[in-house]
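This report concerns only the one structure given below.
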Amino acid sequence: MSGIGIHDLSVATGHHVLDLALMAEHLGIDPAKYHVGIGQDEMSIPAPDEDVVTMAAAAALPILERHGTDGIRTVLFATESGIDQSKSAGLFVHQLLELPSACRVLELKQACYSATAGIQLATGLVQRHPEERVLVIASDVARYALGSSGEPTQGAGAVAMLIGADPAILEVESVTGVHATDVDDFWRPNDHDTALVDGRLSITAYLTSLRGAWDDFRAHGGVGLEDIDHVCYHQPFSKMAVKAHAQLGRHAGTPTSAEDLEIPARYNRRIGNSYSASLYLALAALLDSDQDLAGRRIGFFSYGSGSVGEFFTARVAAGYRSSLRPGSVPAALDARAPLDFAAYRDLHVAAAPGSSTDRATESVTNGPFRFAGVRGAVRRYEPTR
Ligand code: CAA
């Protein structure tokens, strides 16, 4: 076995898009605050018949079409915006994708961090059973209250990753640095469908976690920043990665440049925050770029408010390009249906992700699966074709 890591990776997002210039216009804010100040251009908004389950299944489908389901005995569903207090959203995906019944399925929660936990858990499982593959899916709808400071940093997206031995895309290296502390920077009580956040505190908590995770990474034998070719960050908004990269450079004593972050921000700038998926959208954008990354080392900083941070590295496999889906993400982003500001706000008010009230949803999504509504207090999903 020549390592364990990401064998395939695929992205999905919501049906709609809101141009942040429209939000700026309606809220009387200088659009440069969004485009330059926080580094965001658009945000994905799910249709009424989409949620974390439909996006997750849509992201995973191309992986299963390419590789089949053999050997998949574990599905780890990472999300902050789960749709049930008890049942894993992964079970709905398991059924939609017709995965084998000989499978463990669970949901992982720690704000935006949990997909990284999923990858680390998956590498451990594969280490023990190299013939097995683990489907890790990060899927989130980021929702803040209307009129709050977080409103322009909403979004929606999913990244599915197949973790296995002899990976075709990325070998995850074993050294990792972790950091945990109890901080009230961002949270969502059980009776809230939008996040509560102390924006300023969340930024300093993110940076504190980065320094802590980096120090732990180095203390465990991690390479110096000068030996890392690219760094991908969790991007609640893309400017956060710029702040983090500068901070890491100062902390590690190695100069960094904001330009390093332009490519990994390409998808995030258009999708918005996608919580658990956001870091892996940065990876997707980097892999899809013109740069030849074969043999390069990528650093990852994963942050989940509350808070847990992790810094780890991975090596890009030779021949990784043949496992990508060139142009698929930009095409999906370009295909989104634009919303005007009033329609966006109506959708925000109407969306009640945790509701158990029976209802049928109208058919809107162009994706392969839809949330059909609630019947008998149970959420119902169906393929669209
Ligand atoms: N032109 C250019 N730049 C402008 C501008 C203009 N006209 N007006 C303001 N700016 C700049 C500001 O200078 C500022 O930049 P710096 O931070 O580099 O100084 C930036 O735009 C934002 O301006 P404000 O700080 O005034 O913005 P705000 O207070 O309204 O909101 C925020 C910023 C607090 C981050 C808000 O977006 C928010 O609450 N977001 C949600 C929380 C979040 O994303 N936190 C990130 C860390 S937590 C995490 O990572 C987990 C997660 O996913 C939530």
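Read the figures in this text as sums done on the coordinates, not as results from a lab. The shown structure was predicted, so the numbers you read here are calculated from the model rather than taken from an experiment. In this analysis, Cβ positions are derived from the backbone assuming ideal geometry, glycine residues included, and neighbour counts consider all displayed protein chains.
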Exercise for review: Multiply the residue gap between Ser174 and Glu226 by 0.36 nm, knock off their C-alpha separation, and tell me the result in nm, one decimal place.
Suggested key: 16.9 nm
Review point. Under a straight-distance cross-link criterion of Cα-Cα below 19 Å, which aspartates and glutamates are reachable from Lys87, leaving out those fewer than 8 residues away in the same chain?
Key: Glu50, Asp51, Glu98, Glu107, Asp140, Asp191, Asp193, Asp358, Glu382
Study note, to complete from the structure: For Ala219 and Thr384, extending 7 Å from Cα along the Cα-Cβ vector and measuring point to point gives, in nm, a value of 4.9 nm
Practice item. Give me His129, His94 ranked fewest to most by other Cβ atoms within 10 Å of their Cβ, as a rough exposure proxy. Key: His129, His94
Review point. At what distance in nm do the modelled label points of Arg296 and Asp166 sit from each other, each positioned 7 Å from its Cα along Cα→Cβ?
Key: 2.6 nm
Review point. Highest GNM mean-square fluctuation, the chain, Cα pairs closer than 10 Å: which of Glu132, Glu65, Glu50?
Key: Glu65
Practice item. Rounded, prolate or oblate: pick one for segment 117-221, where a ≥ b ≥ c are the square roots of the eigenvalues of its C-alpha gyration tensor, a/c under 1.5 means rounded, and failing that, prolate if a/b is larger than b/c, else oblate. Key: oblate
Point to revise | Added length on full extension, which subtracts the Cα-Cα distance from 0.36 nm per residue, Glu65 to Glu131 | key: 21.9 nm
Review point. At Asp191 and Arg359, where each label point lies 7 Å from the Cα along Cα→Cβ, what is the point-to-point distance in nanometres?
Key: 2.0 nm
Practice item. Show which lysines lie in cross-link reach of Lys243 when reach means a straight Cα distance below 23 angstrom and same-chain residues fewer than eight apart are skipped. Key: Lys33
Check your understanding: Just in segment 72-127: which GluC sites (Glu not before Pro) are loop by DSSP and have at most 14 other Cβ atoms within 10 Å?
Key -> Glu98
Check your understanding: To the nearest 500 deg cm²/dmol, what mean residue ellipticity at 222 nm is calculated for the chain from DSSP H runs of n ≥ 4 alone, each contributing -39,500 (n - 2.57), summed and divided by the residues?
Key -> -9500 deg cm²/dmol
Check your understanding: FRET efficiency for Ala372 and Ala331, Cβ-Cβ distance as r, R0 = 25 Å, nearest 0.05?
Key -> 0.45
Review point. Can you give the percent of C-alpha pairs in the chain whose distance is more than 29 Å?
Key: 37 percent
Study note, to complete from the structure: Stretched fully, the stretch from Asp30 through Thr254 gains (0.36 nm per residue minus C-alpha distance, one decimal, in nm) 77.2 nm
